[in-house]
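Have a look at the structure below, then the notes.
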2 protein chains.
Amino acid sequence: MKCRVCKGPAVIDVRRHNANFCPEHFLKLCRDQVTRAIDQFGMLTPGERVLVAVSGGKDSLALWDLLLDLGYPTDGLYVGLGIGDYSGSSADHARGFAADRGVTLVEVDLRETHGYDIPTGAKSARRAPCSVCGISKRHVFDRAALDGGYDALATGHNLDDEAAVLFGNVLRWETDYLARQQPVLPARNGFPRKIKPLVRLGERETAAYCILAGIDYEVEECPMAGGNKHLGYKEALNAIETTSPGTKQQFYFGYLERAAARFTAGEDDTADGVDLSPCGRCGSPTPGEVCAFCRLAERAARTQPVVAPARRVAS
Amino acid sequence: MKCRVCKGPAVIDVRRHNANFCPEHFLKLCRDQVTRAIDQFGMLTPGERVLVAVSGGKDSLALWDLLLDLGYPTDGLYVGLGIGDYSGSSADHARGFAADRGVTLVEVDLRETHGYDIPTGAKSARRAPCSVCGISKRHVFDRAALDGGYDALATGHNLDDEAAVLFGNVLRWETDYLARQQPVLPARNGFPRKIKPLVRLGERETAAYCILAGIDYEVEECPMAGGNKHLGYKEALNAIETTSPGTKQQFYFGYLERAAARFTAGEDDTADGVDLSPCGRCGSPTPGEVCAFCRLAERAARTQPVVAPARRVAS
């Protein structure tokens, strides 16, 4: 197995590119793909300040490393979700990366700042933990990016993530979600610009990037995510990708090229085409009087704390 | 397990309807679903003459039976594909049904009429057998429906088929195919009206219908279809359907309700928006001088016949 670029010994094959790479040229491939995504979708201009949402896992740490490497002044944001040992260990990995690189990690602990954690929030709202976690993180991310005056908020969504989300949106023909499934969402109405620079890399590649770049990441999956639909969508796409490498890339980028405009046509610049006004509690844009986050947080903060499930080792 | 309708002993559960049925009310469910599809999409008006494409398998024989039962004057059309024992056995089942019911089965043998069979056609065209079979059957179906003066050509595509085709079209964002993926295509430009009255029934239900209605169908799968992408799409959707019953129905009908119009907008009434003129050989509408079927048939008829693969028992 030889590197496509230098013909030296290869350490990884990337089947959808039908190519193998040595460590040096694999790391270059990842940088090139991120540069290409940033340029292709107009995510950033040189020198812009970025806040990257960091979970301590492979995707977000690879993204932080790549953005620093490409010269963007980038701080990290870690949100303490209160999911038992998993959160403790994830935080250690995020802090370890920041200390190693001498960069700034902003930390927001949900319980300290908002009086609840994800297990308790899920119980009090009677919703799936992934749903409560999504509402919570989006709020904290948006707030931190705006308050810190960053030009963009970056998240570590990779090609596998985006393809699985697209699959779920298509299975239910969630036309509003389809209209907003873009690798970059411009700043608007009190929301920061949101970018996903890893959309050209699969999760196997972000894991390999971390290993080859010497980044120590949290390898466990969240113990509360087991059995969620998103994982089922990933498995279904993985089965097809195995026999037809490149299917996910074709699916996701084909959507952006040939279908997305059919769902955004007629959308105005408010979320879901609804008028937004500031939340009476936190000031974030919301279609109601109090935003979904503040309603969740108020209820959850009154609920007796519950204990997170035990660790779940990634398969 | 009790029948939802009469509370008598049930013999089948239909998970996406969250209900069980006795034989009598299951057969009624199937008739009701076909009636509903015909009405919902304006497929037929009472008394219209139908030609149903019959393979000898569960879907097409169930469809023929249901259309007769609903009072539509319906003839069958069997196309001899020359796929070894499989074709022989399939023909026997189609003929058996016609003899039992005292109805007319039109037969067209590809080799007798057009000088080739599917194994030879696939070899000469260097294409997948399923692709060659599709071109061949569409031509024979269209011709027979027009020549016989039928009001519509009906095919036995069920919900699982349509969901899998939709999935394949979406994975590649085949916008032309998406624009035409409808349960009814009106007659136009030398094509007959085409209808799919089984879109509200899954393949497990058409099989159960045949068993409960005493229809002896071909249970083998085509030995040349193994490993095709369509089967992979079905498996992927089946995995999701198992954990979330109703996903396929939501996917297919959600497409028709909320997304299809986004792909047909701007389409004109020619196939693919291309001007069609009569094929120089057969007169069928084609964008070129000679249609794809005649090009295939002319090349295949000059090729040394090849033998079909051995039987493949359905899993």
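The values are calculated or read from the model by the stated rules, or taken from the named source; none is laboratory data. Note that the structure is predicted; figures quoted are calculated from it, not measured. Here the Cβ is made from the backbone with ideal geometry for all residues, glycine too, and neighbour counts use every protein chain on show. Just the protein is used for accessible areas: all its heavy atoms, side chains included, with ligands, DNA and RNA removed. Shrake-Rupley method; radii C 1.70, N 1.55, O 1.52, S 1.80 Å.
Annotations
- Shortest first, B:T303 label-point distances to identical copies amount to 6.3 nm, with the label point at 7 Å from Cα along Cα→Cβ.
- With the convex hull drawn around the C-alpha atoms of the protein assembly as shown, the volume per residue stands at 195 Å³.
- Other-chain or far-sequence residues with amide H under 5 Å of B:C279's (modelled H): B:S284, B:T286
- Other residues with beta-carbon under 13 Å from the beta-carbon of A:Y78 carry, at +1 per Lys or Arg and -1 per Asp or Glu, a net charge of -4.
- Between B:E289 and B:I211, the C-beta separation translates, for a Förster distance of 56 Å, into a calculated FRET efficiency of about 0.70.
- The orientation-averaged projected area of the convex hull spanned by the Cα atoms of the range B:111-235 comes to 9.5 nm².
- Kirkwood-based Rg to Rh ratio, the range B:1-136, C-alpha trace: 1.07
- In this structure, the pairs whose alpha-carbon distance is over 19 Å, taken from B:K58/B:K196; B:K137/B:K194; B:K2/B:K28; A:K2/A:K28; A:K196/B:K248, are A:K196/B:K248.
- Residue (of B:I240, B:L212, B:S131) at the positive-pole extreme of chain B, dipole from beta-carbon charges: B:I240
- Ligands, DNA and RNA left out, the 1.4 Å accessible surface of chain B is 50% carbon and sulfur atoms.
- Residue-count net charge about A:L68 - beta-carbon cut-off 13 Å; Lys, Arg +1, Asp, Glu -1: -1
- The range A:172-225: radius of gyration and largest Cα-Cα distance (Dmax), Å: 15.7, 41
- Between amide H atoms placed 1.01 Å from N, distances below 5 Å from A:D109 occur with A:G80, all of them 5 or more places distant or on a separate chain.
- Leaving ligands and nucleic acids aside, the B/A contact buries around 2000 square angstrom of accessible area in total at a 1.4 Å probe radius.
- Each other residue within a Cβ distance under 14 Å of B:H157 adds +1 if Lys or Arg and -1 if Asp or Glu, for a net charge of +3.
- Helix-only [θ]222 nm of chain B, DSSP H runs n ≥ 4, -39500 (n - 2.57) each, per residue, nearest 500: -14500 deg cm²/dmol
- Nearest-first distances (nm) between copies at A:R258, label 7 Å from Cα via Cβ: 2.3
- Cα gyration tensor shape of the range A:163-288, rounded if a/c is under 1.5, else prolate or oblate by comparing a/b with b/c: prolate
- More than 28 angstrom apart: percent of Cα pairs within chain A: 41 percent
- Pairs of alpha carbons in the range A:88-146 whose separation is greater than 15 Å (percent): 59 percent
- In a simple Cβ point-charge model (Lys, Arg +1; Asp, Glu -1; nothing else charged), the protein assembly as shown has a dipole of about 440 debye relative to its Cα centre.
- Charging the Cβ of each Asp and Glu at -1 and of each Lys and Arg at +1, and nothing else, the dipole of chain B about its Cα centre rounds to 600 debye.
- Buried on assembly, the range B:227-253 (at least 10 Å² less accessible surface than by itself, 1.4 Å probe): B:K229, B:Y233, B:A236, B:L237, B:I240, B:S244, B:T247, B:Q250, B:F251
- Calculated FRET efficiency for the pair B:H17/B:R172, C-beta based, R₀ 30 Å, to 0.05: 0.45
- FRET E, pair B:A239, A:V306, Förster distance 25 Å, beta-carbon r, rounded to 0.05: 0.20
- Built amide H within the under 5 Å cut-off of A:C3, gap 5+: A:G8, A:A10, A:C22
- For B:D85, the point set 7 Å out from Cα toward Cβ sits 5.7 nm from its twins in the other copies, listed from shortest up.
- Coordinate range along principal axes, alpha carbons of the range B:30-101, Å, largest first: 39, 21, 19
- Rolling a 1.4 Å probe over the protein chains gives B:V106 an accessible area of about 50 Å².
- Pairs of Cα atoms in the range B:137-178 fall into 10 Å distance bins, from 0 up to the last occupied one, in shares of 25, 33, 34, 8 percent.
- Taking label points 7 Å from Cα along the Cα-to-Cβ direction, B:K2 and A:R258 give a separation of 5.2 nm.
- Taking the convex hull of Cα positions in the range A:205-270, its mean projected area over all directions (nm²): 7.7 nm²
- Across the range A:176-189, rounded Karplus estimates of 3J(HN,Hα) from the backbone phi angles (6.51 cos²θ - 1.76 cosθ + 1.60, θ = phi - 60°) give 5, 5, 4, 5, 9, 7, 10, x, 9, 10, x, 4, 6, 6 Hz, Gly and Pro being marked x.
- The separation of the range B:21-68 from the range B:170-237, counted between C-alpha centres, amounts to 14 Å.
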